[in-house]
1. Taking into account only those residues within region 117-131 that are surrounded by fewer than 24 Cβ atoms within 10 Å (Cβ to Cβ) and not small (Gly, Ala, Ser), which is nearest to Met222 (Cα to Cα)?
2. Being touching a residue at least 24 places away in the same chain (Cβ under 8 Å), crowded, with 24+ Cβ neighbours inside 10 Å, touching a helix residue (DSSP H, G or I) at 6+ places or on another chain (Cβ under 9 Å) and under 22 Å from Val140 (Cα atoms) is true for just one of Ala16, Ala54. Which residue is that?
3. Scanning for something modelled with pLDDT of 95 or more, among the polar types (S, T, N, Q) and crowded, with 20+ Cβ neighbours inside 10 Å, does region 65-77 turn up at least one residue?
4. Being assigned to a helix (DSSP H, G or I) and either in contact with a strand residue (DSSP E or B) (Cβ under 8 Å, 6 or more places away or on another chain) or aliphatic (A, V, I, L, M) (or both) is the filter; apply it to region 251-274 and report the residue that is farthest from Phe61 (Cα to Cα).
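The values are calculated or read from the model by the stated rules, or taken from the named source; none is laboratory data. Not measured: the values here are computed from a predicted model. Please note: Cβ atoms are built from the backbone with ideal geometry, for glycine as well, and neighbour counts cover all protein chains shown.
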Amino acid sequence: MENERIEATPKWFSDALAAPYDEHEIEVDACPIRYLEWGDANAPGLVLVHGGAAHAHWWTFLAPLLATQYHVVAPHLSGHGDSGRRASYPRETWAKEVLAVAEAARFDAPPVLIGHSLGGFVSIVAASLYGDRLAGAIIVDSPVRKPDPESEEGSRGRMFRRPKTYATREEAISHFVLVPPQPCDNGFIVRYVAEHSLHETPLGWCWKFDPKVFEKVTLTPMSEFLANTRCRIGLLRGELSDLVPPETGEYMYELLDRNAPVIEIPQAHHHLILDQPLPFIAATRALLADWEHSVPRDGRHGPNVRKRAST
């Protein structure tokens with residue numbers, strides 16, 4: 001079984017995992033926050049923000065594909081992965097962590113945030129509160145719905161409220177599932193993220209995330225945060241995503257004054273960074289390249305974008 005898995009692993013994935021990266025730790029409001037770092041420190045900055053119950057290693061097979069042109073960092077948000085835990089988890093606090101990691105990375109210019117699912121919500125909050133310190137934010141399949149019932153934690157929280165402990169690591173990995181449920185032909189990627197989602201305790205193997213991360217403590221509606229973002233925004237959605245169907249993408253587009261690209265990844269579900277990783281990278285590279293060479297139609301969503309010289 002193990003040999004079959006290894007043989008089925010494509011070269012791009014193996015090469016990405018072989019790429020070197022550094023690990024760092026900072027403290028944000030008395031909580032240790034760990035993050036991973038790739039690429040040339042003099043290149044433009046990207047901050048990759050993972051989803052709920054996930055961790056920075058959801059990006060380790062993708063970050064090297066962006067680090068050829070960018071200085072890339074990926075934090076473990078508090079309550080996730082290898083970072084510390086808090087008494088509660090307002091999205092505003094996670095946004096503060098993301099900006100603190102960006103500051104610690106010493107980017108030469110304001111970075112672009114790329115956030116998937118819950119990480120997209122965190123990136124929206126950061127773009128609203130700290131937009132003057134960002135060059136943009138790419139929101140990846142994060143549903144801001146009308147009339148804004150974005151508490152998808154309700155369903156996910158029920159699944160994750162009492163995570164089980166398993167006798168062996170392999171038993172735990174065998175119980176790893178994507179939430180919301182979806183097909184994914186890339187079993188080698190799902191196993192990889194599962195392997196990095198666990199830690200050993202005196203009672204056995206359990207998931208790293210704190211179940212309290214799904215308790216809603218941010219009171220401001222996400223629609224309000226999105227409508228008040230102060231940097232460039234791009235929206236990526238999966239064609240087959242149940243969380244961000246076309247009408248949700250259209251609603252988010254309207255909140256942004258129809259002044260943001262909405263890019264659909266073909267044959268992708270919600271966890272599109274797992275089921276369509278290379279199309280995701282292609283779309284992200286194209287959007288970033290466009291942002292490098294253009295300016296927005298007005299200044300509302302792009303105060304940090306380089307302006308064209310007047311003639």
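1. Ranking the candidates gives Leu129 first.
2. Ala54
3. no
4. Once the filter is applied, the top-ranked residue is Leu255.
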